[in-house]
Amino acid sequence: MVSPVLSVVYSPVFLEHRPPSYHPENPSRLLTAIKALERLGLWEPREPEPVDPEELLKVHERGYVERVREASVRHSHLDPDTYVSPGTWDAALTAFGAVREAVNLALKKEGLHLALVRPPGHHAGRSGRAFNAPSLGFCIFNNAAYAAKLAEEVAGRVLIIDFDAHHGNGTQEILWNDDKAVHIDLHERYIYPWSGYEYEVGGKGAEGTKINLPMPHHAGDDEYIYAWNEIVLPILAQFKPKLVVISAGFDGFLEESLTTLRLSELFFTYAGSTLSRYPLAVVLEGGYSVGLDRGLPAFINGYLSGEIHEVPVRPSYEALRTVARVKEIQSEWWEF
Ligand SMILES: [Zn+2]
């Protein structure tokens with residue numbers, strides 16, 4: 001039986017966003033996640049409605065939205081990394097619908113509400129590519145930024161935590177001047193999309209609302225749990241959000257091949273457990289193989305168990321330095 005504190009919002013329409021040939025961001029990702037949830041007895045999806053295309057304008061420029069709509073009448077590429085197909089438009093509108101439902105559920109009741117969606121979104125900026133990024137990085141419309149905007153309309157403010165292995169540059173760009181949206185982002189430094197450094201703290205009037213943790217290459221559970229304890233948990237305790245939006249990417253899992261990160265169930269379980277007091281709207285980002293098979297269920301299990309097991313850690317010198325630098329910069333707005 002599915003737990004009363006878990007909902008999964010999913011539509012088979014998400015499988016219709018299809019690459020023209022082999023691509024890591026493909027429909028089988030969701031099938032991997034579904035199998036993992038089935039294994040836990042947690043697969044009982046709710047089917048979302050697509051949103052009206054006007055909803056996309058909450059986070060994107062009309063010109064970009066039209067460009068995607070026109071391109072996706074056939075198989076084509078928005079850039080060398082990012083494809084569209086005849087199913088993309090409907091999948092993207094339905095993904096926003098799933099996000100809206102997850103946020104509404106999280107605003108109404110306790111629990112973890114997962115929007116199990118494709119295409120992913122956190123690299124998509126207001127008009128496409130964000131900051132210095134060379135591409136959209138497989139993303140079409142920014143699901144997490146939309147979740148943040150919806151949550152803000154009702155709750156007045158929102159916390160977003162992005163633990164995808166890559167920086168959520170699109171989310172950061174869209175929310176850059178928004179002082180009601182606190183965005184904490186842990187990711188591997190010096191890789192795509194080449195942003196998300198410690199000194200990126202938010203635009204004028206919103207300084208201190210963007211918190212970047214650019215983790216060293218090869219960082220694993222010790223480094224991530226350390227950063228989580230030292231930065232994420234203190235901000236969570238001080239901000240006291242009504243709900244938390246999670247940009248949930250599992251591509252930092254050991255043996256996922258896109259980065260050098262070495263995370264395991266230990267980090268994802270721990271992270272989930274520390275969030276169990278908060279309603280969550282969880283939006284799927286990256287994760288291409290083992291991360292979805294093992295990281296996603298670990299995060300959900302940690303949340304549902306609600307038991308925080310302290311984990312002794314020995315972070316690398318580089319991670320200690322990164323966290324110290326973040327504290328030094330952010331202590332103007334937060335206490336650590
Ligand atoms: Zn990623």
Query raised in the report: Over the heavy atoms of Glu310, what accessible area does a 1.4 Å probe trace out, to the nearest 10 Å²?
Result: 140 Å²
Query raised in the report: Taking amide H positions as placed 1.01 Å from N in the peptide plane, with prolines and chain starts having none, which residues 5 or more places from Ile211, or on another chain, fall under 5 Å of its amide H?
Result: His183, Ile184, Asp185
**Report entry** Average accessible area per residue (Å²) across the chain - probe 1.4 Å, nucleic acids and ligands excluded
**Finding:** 38 Å²
Query - Residues whose placed amide H lies under 5 Å from that of Gly220, excluding near-sequence neighbours - result: Arg262
Report task. For the stretch 14-54, just say rounded, prolate or oblate: build the C-alpha gyration tensor, square-root its eigenvalues into a ≥ b ≥ c, call rounded for a/c under 1.5, and beyond that prolate if a/b exceeds b/c, oblate if not. Result -> oblate
Query raised in the report: Put Glu307, Glu200 in order of accessible area, largest first, 1.4 Å probe: what do you get?
Result: Glu307, Glu200
Query - Amide H contacts of Leu114 (H built 1.01 Å from N, under 5 Å, at least 5 apart or other chain) - result: Ser7, Val8, Val9, Val282
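Filter the cross-link list Lys204/Lys327; Lys58/Lys108; Lys108/Lys327; Lys109/Lys149; Lys35/Lys109 down to pairs whose alpha-carbon distance in this structure exceeds 28 Å.
Lys108/Lys327
So which trypsin sites (Lys or Arg not before Pro) in the stretch 75-127 end up in coil per DSSP with only 14 or fewer other C-beta atoms within 10 Å?
Lys109
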Query raised in the report: Which sequence of Asp52, Asp251 reflects their accessible areas, 1.4 Å probe, from the largest down?
Result: Asp52, Asp251
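Arrange the residues Asp90, Asp162 by how much accessible surface each exposes, largest first, with a 1.4 angstrom probe. Let's see the in-between values first.
Numbers: Asp90 90, Asp162 0 Å².
Final ranking, largest accessible area leading: Asp90, Asp162.
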Query raised in the report: Given the protein chains as shown and a 1.4 Å probe, how many square angstrom of Arg325 are accessible, to the nearest 10?
Result: 100 Å²
Query raised in the report: What span do the alpha-carbon atoms of the stretch 6-330 cover on each of the three principal axes, reported in whole Å from largest to smallest?
Result: 51, 46, 39
Query raised in the report: Of the accessible area of the chain, with the probe set at 1.4 angstrom, what percent is carbon plus sulfur?
Result: 50 percent
Report task. Report the chymotrypsin sites (Phe, Trp or Tyr not before Pro) located in the stretch 1-106 that are in a DSSP loop and have at most 12 other Cβ atoms inside 10 Å of their Cβ, or state none. Result -> Tyr22
Query - DSSP H segments from the chain that extend 24 Å or more along their own axis, Cα-based, with Kyte-Doolittle mean of -1.0 or above - result: 88-108
Report summary line: Taking every other residue with Cβ under 13 Å from the Cβ of Arg46 and scoring Lys and Arg +1, Asp and Glu -1, one gets -3
Requested in this report: Can you spot the aspartates and glutamates whose alpha carbon is less than 12 Å from Lys180's alpha carbon? Ignore those fewer than 8 places along the same chain.
Outcome: Glu152, Glu153, Glu207
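The values are calculated or read from the model by the stated rules, or taken from the named source; none is laboratory data. Please read these numbers as outputs of a predicted model, since none were measured by experiment. Ideal geometry is used to build each Cβ from the backbone, glycine not excepted, and the neighbour counts take in all protein chains shown. Ligands, DNA and RNA are excluded from the accessible area calculation, which covers all protein heavy atoms including side chains. Shrake-Rupley method; radii C 1.70, N 1.55, O 1.52, S 1.80 Å.
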